[in-house]
1. Answer yes if at least one residue in the stretch 69-88 is crowded, with 16+ Cβ neighbours inside 10 Å, under 21 Å from the mean Cα position of the chain (by Cα) and more than 22 Å from Gly116 (Cα to Cα), and no otherwise.
2. With of a type in the set (A, V, I, L, M, F, W, C) and closer than 23 Å to Ala442 by Cα as the only criterion, which of Ala37, Ala75, Ala52 stands out?
3. Looking only at the stretch 47-59, count every residue that is aliphatic (A, V, I, L, M), part of a helix (DSSP H, G or I) and under 20 Å from Thr151 (Cβ atoms) and tell me the total.
4. Quick check on Arg429: is it in a helix (DSSP H, G or I), more than 25 Å from the chain's Cα centre (by Cα), surrounded by 15 or more Cβ atoms within 10 Å (Cβ to Cβ) and modelled with pLDDT of 90 or more?
5. So which of Ser320, Ser281 is among the polar types (S, T, N, Q) and at pLDDT 80 or above?
6. So Asp144 passes all but one of these: (1) outside any loop (DSSP other than H, G, I, E, B); (2) under 18 Å from the mean Cα position of the chain (by Cα); (3) modelled with pLDDT of 90 or more; (4) not basic (Lys, Arg). Which condition number does it fail?
7. Across the stretch 371-424, what is the total count of residues that are among the aromatic types (Phe, Trp, Tyr) and either assigned to a helix (DSSP H, G or I) or in contact with a Ser or Thr (Cβ under 8 Å, 6 or more places away or on another chain) (or both)?
8. Name the single residue, out of those in the stretch 377-423 being free of Cβ contacts under 8 Å to residues at least 60 places away in the same chain and of a type in the set (A, V, I, L, M), that is nearest to Pro159 (Cα to Cα).
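The values are calculated or read from the model by the stated rules, or taken from the named source; none is laboratory data. Computed from a predicted structure; not experimentally measured. We place every Cβ from the backbone using ideal geometry, glycine too, and count neighbours over all the protein chains shown.
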Amino acid sequence: MATAKAKPRKKLRILLMPFFATSHIGPFTDLAFHLVAARPHDVEAAVAVTPANALVVESALARGGASHQATVKVATYPFPSVDGLPPGVENHSTVKATDAWRIDSVAMDEKLMRPGQESLIREHSPDLVITDIHFWWNVDVATDIGVPCVTFHAIGTFPTLAMFNLSAAGAIDAGGGVVTLPGFPPPEIQVPTTELPEMLRRQQMTDGRATGNPVSSAHKRCFGLVVNTFFDLEHRHCEMFVGNGYVKRAYFVGPLSLPSQQVATSAYDSRCIDWLDKKPSKSVVYLCFGSLTHVSEDQLRELALGLEASEKQFLWVIRSETWVPPEGWKETVILAHPAVGVFVTHCGWNSVLETVVAGVPVLTWPMVFEQFITERLVTKVLAIGERLWPEGAGVRSTRSEEHELVPAEAVARALSMFMEPGGAGDAARSRVKELSAKARAAMAERGSSHRDLRRMIDDLMEAGTAVAGPVLSI
């Protein structure tokens, strides 16, 4: 008698929707791959972007090799017509400095963005939507079609909690002064108001509470939160996420880019690597300010003069208006080289994770958004680096017109002191190498990030559209 064949198990179909920045699209693509790789028979994933950003996804998949390309799909929806933006300019990394605000303006406009995104979600009818919190309305869209929605943060728990707590704490004196991050464990962290993200500097308050904050509301309504971090990096702040009631569940699944370190350098211009191969160990200063930062010509000149005066060998990645290296390549390939002794970084979250993985200490030079807050995690909590421009040396600001020039002599002095044998750089290097080992352990089989990734899939497959109580993996 013939035995009836068992019906194949239905796969969890996931649609991921990142913000219009290479620094977001890369981690979303990595997350999609890891979700499929963790449970290949149970999960399929597609990354949803506008047409011009499809190339960014494809580049990230190609960087991961054939296994990435074979497991993750790309879906597209239209980018709205925006005054002042030429056709095809749909990404922070390709827009001119003077027009960057236009990308932000359209991305945060529900009336402009929701129709195209909602149409795609309904067309694909996924079992789960993973959305960048910039697109908070997708939580409502997913609820309307009866599927869970998870938010994914491309930054760490430390800066995210800082912004949540400051928003909930009440009015901020935007005219000056210093704020202490409320509700944080020791050490006490203070941030000048000029270094706070713009949304906190201009938020409106009613009865001492922030008003008009759909992001916070969306977090509380969604199924859970995924963060590109690992528990041993931010353990105290990971525990606070669910404890503070900001989200129902939290999953810490990074560093998501770690497996991509095996990318072959022959796929890119190898001149930098050839040059590094000829340099002594830990002798080279590596500088890169990410895919979003625009540095003024005056500041570039001071930085160049400072590098020259320091008499240190350096490798400096300067952003072009027309081309940027593939996201993660610069940090993955160059940072890991033994000749690199210090990384001068803007404290973008991807760069922080990459320097931790590579085990390289940093000099910090934050410029925009939450980078000044992340700097405090790097320098005061993790102690894996120091500020390039010492506290009190001048005014720094998330607004370029308020940010004073960092003089050449400050650059030269910081590099010389930090790289001096037996100095602060060596102590920071020892600490970051310990974290590097923990990062690799987190992503390995049965590591904390690997467990959280699988737990997230299990929770979603078991729960369906139901939402259970708080869960936190430690």
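1. The answer is no; no qualifying residue exists.
2. Ala37
3. The qualifying residues number 1.
4. No.
5. Ser281
6. (2)
7. 2
8. Checking each candidate, the answer is Val378.
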